[in-house]
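The values are calculated or read from the model by the stated rules, or taken from the named source; none is laboratory data. Since the structure is predicted, the reported quantities are computational estimates derived from the model, not experimental observations. Here the Cβ positions follow ideal geometry from the backbone for every residue, glycine too, while neighbour counts run over all protein chains shown. These accessible areas exclude ligands, DNA and RNA; they are computed on the full protein's heavy atoms, side chains included. Shrake-Rupley method; radii C 1.70, N 1.55, O 1.52, S 1.80 Å.
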Amino acid sequence: MITAFLNLGFIYEKKGNFLSANNYYLEGLKIGEKRRQSVKILRGLANNNFLQEKNKEAEIFYDRAINSSIELNGPEHPETALTYFKYGEFCSITGNNAKAIAFMTKGLGIYIKAYGEKSRNVGYAYLFIANFHERNKQYRQALTYFQKALISGFSNFSNPDFLMNPEPEKNNLNYIQLNMLSGKASALFSYSNPSPPGSNISMPVLKLMICR
């Protein structure tokens, strides 16, 4: 039953019917607050409030999600790490960068411990940090983390040079890997713009990289 309420809340949230989403999430939480899925519901409530620009309420739910995941899953569990990433992304978007990078770094450590450096999950973790730096116009740092994401997320790639991309894995390319590639292309474009100081990537090279 708790899964049904979670799914209904998610569906209505995506439709923009935030009131119905909130009601379904709360119903799910009411019957399963001490179940592991309650962590996902609390994250849903946090995001639902954020989408309505109710940031104080969102922060309360993210705090509850962290505490619940630590209690129900353990401090080193991947679900706890994912909650750190989601909370960190919220903090980044709302301007609390110190808290954001602290949460994301903590989540990354848990993921590496759980999955090993060479895994799509760790690539996903690096993607959060890359997006954080790009959001703050720290394009060189963003490129470093996009490259780390690609190295972890593609089994056939290990080149740390951000001028290189992996060959797509046929029939095995998912949307997270596509986000890594498109995010890196965006960061390369911004980094190559003559206006930022220290940029030395030419547009022909940039076009070549995007098309690889």
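Can you tell which of 31, 11, 2 is open to solvent by 70 Å² or more (accessible area, probe 1.4 Å), in contact (Cβ under 8 Å) with a residue 24 or more places away in the chain and farther than 17 Å from residue 86 by Cβ?
None of the others qualify; the one that does is 31.
For a quick check of your reading of the model, give me the residue pairs whose first member lies in the range 120-138 and is more than 19 Å from residue 82 (Cα to Cα), whose second is open to solvent by less than 50 Å² (accessible area, probe 1.4 Å) and charged (D, E, K, R), with beta-carbon atoms closer than 9 Å and at least 6 apart or on different chains.
none
Could you grab me the full set of residues in the range 93-119 that are in contact with a Ser or Thr (Cβ under 7 Å, 6 or more places away or on another chain) and either open to solvent by less than 30 Å² (accessible area, probe 1.4 Å) or within 19 Å of residue 134 (Cα to Cα) (or both)?
Result: 100, 110, 119.
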